[in-house]
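Remarks on the structure that follows.
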Amino acid sequence: MADKQEELSFTYFPENYRWSHGLLIGLNCAPWGGAEIGEVNRIGLRLKGCVGDDDAWFREWAREGRTVEDRGRALMAEGRTTSGAQYLQRASIYYHVGERFLQPKSREGNDAYMRGVACLRDAAKYIKRPKLEHVEIPYGDTSLPAIYVHAEPAKAGGKVPAVVFFDGLDVTKEIQYFKGVADLAARGIACLIVDGPGNGESIRFRNLYLRHDTEHYATPVYEYLAARPEVDPKRIGVMAISLGGYYAPRAAAFEPRYAACIAWGAQWDYQKIWKDRFDRLARADTPSLSVASQHIAWVLNASSQEDALKRLGPFKLDGVVQKIACPFLMLHGDGDEQIPLPEAQKCFDAVGAKNKTMKIFTREEGGYHHCQIDNQSICSAYMWDWLEEVLKPAA
């Protein structure tokens with residue numbers, strides 16, 4: 001890594017990786033209407049004196065979320081629905097970025113989280129382009145909450161391609177919408193953003209814990225999309241971010257009907273990653289984490305670190321990615337502090353697809369941190385260009 005004085009990434013809290021990463025998650029939603037730099041800066045300034053206090057983090061993000069939400073709802077009451085929806089979009093993100101560090105989860109945190117869900121749901125009623133549709137994906141005796149982002153009609157021309165977008169360890173479908181999905185829709189590709197088991201609403205309100213066999217839910221999600229009359233079932237891809245670098249390859253390996261796969265951030269042996277993290281924590285050597293360390297036990301329904309490591313045993317991609325046959329794209333940052341680049345290379349080398357691409361973002365170009373948190377725009381443009389090519393109609 002470069003000397004901290006030479007750090008090119010916007011690092012709001014230089015002394016705290018997790019907080020800087022978290023603030024960037026919020027700030028990087030700005031190009032697509034999910035944040036306003038002035039509002040995020042107000043939050044950051046209020047937090048400068050209490051870095052590392054996760055209760056304060058929640059309080060200040062939720063405070064800004066409520067202020068922005070109230071303004072948006074007042075505008076809607078005046079009939080200014082477009083402006084009101086823009087405010088609600090931002091409030092949604094502020095609530096979710098604020099809640100992500102809370103461990104254990106609390107009633108106050110869950111209430112704020114659901115305000116975030118409701119804000120984007122209510123905003124979606126007035127967002128004209130792209131059209132957002134909140135849907136439920138049948139899954140066993142329950143369902144998975146999702147947002148279906150319609151392809152832009154101007155580029156539809158009959159059946160459209162689509163992409164399933166699963167979360168990571170700690171992201172939500174609301175945050176993921178503001179990672180450039182509107183630009184994907186503008187290319188004529190629909191997107192289904194899903195809170196799978198262990199993520200978002202599914203873990204918080206439906207007791208659906210993280211599981212290693214991603215295909216268990218990736219298959220019903222595929223079948224939901226394939227049944228939509230406007231979607232071409234032969235042109236449905238799957239992608240996921242961060243820990244989703246495990247989910248998406250696993251889904252593509254065991255559900256061969258997926259026509260393309262993107263690992264946005266690589267994984268290889270997730271049990272090994274967490275063993276190293278726990279060992280470092282025991283030595284008071286803080287690893288680079290995107291959430292509190294207790295988060296992993298919570299999503300696994302584990303009783304201890306030892307139990308969490310045991311449950312992480314099957315989260316390995318050796319013997320899995322060799323089965324991938326569809327076009328495959330892996331993206332990774334040269335300076336990723338969470339998942340070392342050699343782990344990404346091991347995974348990519350083992351992928352069985354003949355058509356496979358590895359894009360490593362360098363410090364010089366930007367996007368060199370975890371999941372391109374330091375430059376979201378160049379990453380999403382690269383992914384959407386690739387999808388546009390591999391999901392185009394057969395000649």
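A single member of Y94, Y17 is under 25 Å from G180 (Cα atoms) and open to solvent by 10 Å² or more (accessible area, probe 1.4 Å), and it is Y17.
Of all the criteria given as (1) out of contact with any Phe, Trp or Tyr (no Cβ under 6 Å at 6 or more places or on another chain); (2) touching a residue at least 24 places away in the same chain (Cβ under 8 Å), the one not satisfied by Y94 is (1). For the condition surrounded by fewer than 17 Cβ atoms within 10 Å (Cβ to Cβ), over 24 Å from H295 (Cβ atoms) and either touching a residue at least 24 places away in the same chain (Cβ under 8 Å) or in contact with a Cys (Cβ under 6 Å, 6 or more places away or on another chain) (or both), P104 does not qualify. One residue stands out among those in the range 362-395 that are among the charged types (D, E, K, R) and in a helix (DSSP H, G or I): the one that is surrounded by the most Cβ atoms within 10 Å (Cβ to Cβ), which is E388. Scanning the range 36-47 for residues that are more than 14 Å from G22 (Cβ to Cβ) and in contact (Cβ under 8 Å) with a residue 24 or more places away in the chain gives E36, E39. The set of residues in the range 18-35 being free of Cβ contacts under 8 Å to residues at least 60 places away in the same chain and within 16 Å of E174 (Cβ to Cβ) consists of L27, A30.
Scanning the range 139-155 for residues that are surrounded by fewer than 20 Cβ atoms within 10 Å (Cβ to Cβ), in contact (Cβ under 8 Å) with a residue 40 or more places away in the chain and within 20 Å of D232 (Cα to Cα) turns up just one, H150.
Quick one: would you say P314 is open to solvent by 20 Å² or more (accessible area, probe 1.4 Å), touching a residue at least 24 places away in the same chain (Cβ under 8 Å) and either out of contact with any helix residue (DSSP H, G or I) (no Cβ under 8 Å at 6 or more places or on another chain) or of a type in the set (V, I, T) (or both)?
Values: open to solvent by 20 Å² or more (accessible area, probe 1.4 Å): yes; touching a residue at least 24 places away in the same chain (Cβ under 8 Å): yes; either out of contact with any helix residue (DSSP H, G or I) (no Cβ under 8 Å at 6 or more places or on another chain) or of a type in the set (V, I, T) (or both): yes.
Considered against the rule, which asks whether it is open to solvent by 20 Å² or more (accessible area, probe 1.4 Å), touching a residue at least 24 places away in the same chain (Cβ under 8 Å) and either out of contact with any helix residue (DSSP H, G or I) (no Cβ under 8 Å at 6 or more places or on another chain) or of a type in the set (V, I, T) (or both), P314 comes out as yes.
Counting only helices (runs of 4 or more DSSP H) that sit wholly inside the range 214-305, those with at least 3 residues that are touching a residue at least 24 places away in the same chain (Cβ under 8 Å), of a type in the set (A, V, I, L, M) and out of contact with any helix residue (DSSP H, G or I) (no Cβ under 7 Å at 6 or more places or on another chain) are 215-227.
Exactly one residue out of I127, I93 is hydrophobic (A, V, I, L, M, F, W, C) and farther than 30 Å from N301 by Cα, and it is I127. Checking the stated criteria, R206 turns out not to satisfy the condition of being modelled with pLDDT of 95 or more, within 18 Å of G34 (Cα to Cα), over 17 Å from the mean Cα position of the chain (by Cα) and not aromatic (F, W, Y).
Evaluation of A226 against the conditions (1) on the phi > 0 side of the Ramachandran plot; (2) at pLDDT 95 or above; (3) open to solvent by 10 Å² or more (accessible area, probe 1.4 Å); (4) not acidic (D, E) shows that the sole unmet condition is (1).
The values are calculated or read from the model by the stated rules, or taken from the named source; none is laboratory data. Just so we're clear, the structure is a prediction, and the values are computed from it rather than from any experiment. Every residue, glycine among them, receives a Cβ derived from its backbone with ideal geometry; neighbour counts consider all protein chains shown. Calculation scope for accessible area: heavy atoms of the full protein, side chains included, ligands and nucleic acids excluded. Shrake-Rupley method; radii C 1.70, N 1.55, O 1.52, S 1.80 Å.
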